[in-house]
Amino acid sequence: MRLHPKVASGPFILVVTLCLLWLSACTQVMEEQPRCDPLEFTPFFEDGRCSRHLPPDTVAQGQLRTDEHFYAGTSEGELATTFPFTVTMAVLERGQERFNIFCSPCHDRVGTGQGMIVQRGFTSPPSFHSERLRQAPEGHFYDVISSGFGVMPDYAEQVPPADRWAIVAYIRALQLSQYAALQDLPAGLRQQLPEGDQ
């Protein structure tokens, strides 16, 4: 089959060739970009390592922990005596759930220090109901959960800060449950008690 003389002319072939070259230049193949895999050698850096250390004093986005009270359990360098947020029923329920998972094996479900692990021979932790721990500031419990104490390991990796505070709130509720006075109960609950207990 023969092409029409106008179709086979030089300008037409030149235009078609330029269009094909232009189309081939528009593709961008991502896998052909210069890069190096983790732990791969590269002559680009003096030490030959492709993986680089973070620059000093860098913090990942969202990881700047400037709230001393919330993240360290301290206020102006002293153990905090308050919670960094309002303690609600939802916080107490979360604290109870986390306490039962992480704390009750040693401290038992009411905080007397006679959990299942202790019954099997592990060192007994102190009771949360001792006078010393009832007087301890909230920051003390947060610090022990975060850093460990004696034979107790730290739980900083397993329990995030908000859950640590929820556990502390639940510990305070456990302490209150064992030493609550009658006048601490709301009037509606006092009326529900048997006659001799009012």
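Observations, loosely collected:
- Subset of the range 142-157 [in a loop (DSSP other than H, G, I, E, B) and either in contact with a His (Cβ under 6 Å, 6 or more places away or on another chain) or surrounded by fewer than 19 Cβ atoms within 10 Å (Cβ to Cβ) (or both)]: G148, G150, V151, P153, D154, A156, E157
- Residue match in the range 8-18 (condition: aromatic (F, W, Y), modelled with pLDDT under 85 and more than 28 Å from the chain's Cα centre (by Cα)): yes
- Scanning the range 75-111 for residues that are hydroxyl-bearing (S, T, Y) and modelled with pLDDT under 95 yields a total of 1.
- Pairs, first free of Cβ contacts under 8 Å to residues at least 40 places away in the same chain in the range 111-138, second of a type in the set (F, W, Y), C-beta under 8 Å, six or more apart: T112/F128; G113/F128
- In the range 35-69, the residues that are surrounded by 10 or more Cβ atoms within 10 Å (Cβ to Cβ) and of a type in the set (S, T, N, Q): T42, S51
- Looking across D57, D108, one residue alone is of a type in the set (D, E), free of Cβ contacts under 8 Å to residues at least 24 places away in the same chain and more than 17 Å from P153 (Cα to Cα). It is D57.
- Failed item in (1) in contact with a strand residue (DSSP E or B) (Cβ under 7 Å, 6 or more places away or on another chain); (2) over 14 Å from R164 (Cα atoms); (3) not basic (K, R), with A80 passing the rest: (2)
- Pairs with Cβ under 8 Å, 6+ apart, first in the range 73-99 and farther than 20 Å from R134 by Cβ, second exposed (fewer than 13 other Cβ atoms within 10 Å of the Cβ): S75/T81; S75/T82; P84/D67
- If the condition is being part of a loop (DSSP other than H, G, I, E, B), at pLDDT 95 or above and surrounded by fewer than 17 Cβ atoms within 10 Å (Cβ to Cβ), then the range 158-181 contributes Q158, P160.
- Close pairs from the range 173-192: first more than 22 Å from Q96 (Cβ to Cβ) and of a type in the set (A, V, I, L, M, F, W, C), partner modelled with pLDDT under 80 and assigned to a loop (DSSP other than H, G, I, E, B), Cβ under 9 Å, at least 6 apart: L182/L193; L182/Q198
- Count of residues meeting criterion [touching a Pro at 6+ places or on another chain (Cβ under 7 Å) and among the hydroxyl-bearing types (S, T, Y)] in the range 117-133: 0
- Residue satisfying all of: in the range 102-125; touching a Gly at 6+ places or on another chain (Cβ under 6 Å) and within 17 Å of A173 (Cα to Cα); surrounded by the fewest Cβ atoms within 10 Å (Cβ to Cβ) among these: S104
The values are calculated or read from the model by the stated rules, or taken from the named source; none is laboratory data. Bear in mind the structure is a predicted one, so any value in this text is a computation, not a measurement. Here the Cβ is made from the backbone with ideal geometry for all residues, glycine too, and neighbour counts use every protein chain on show.
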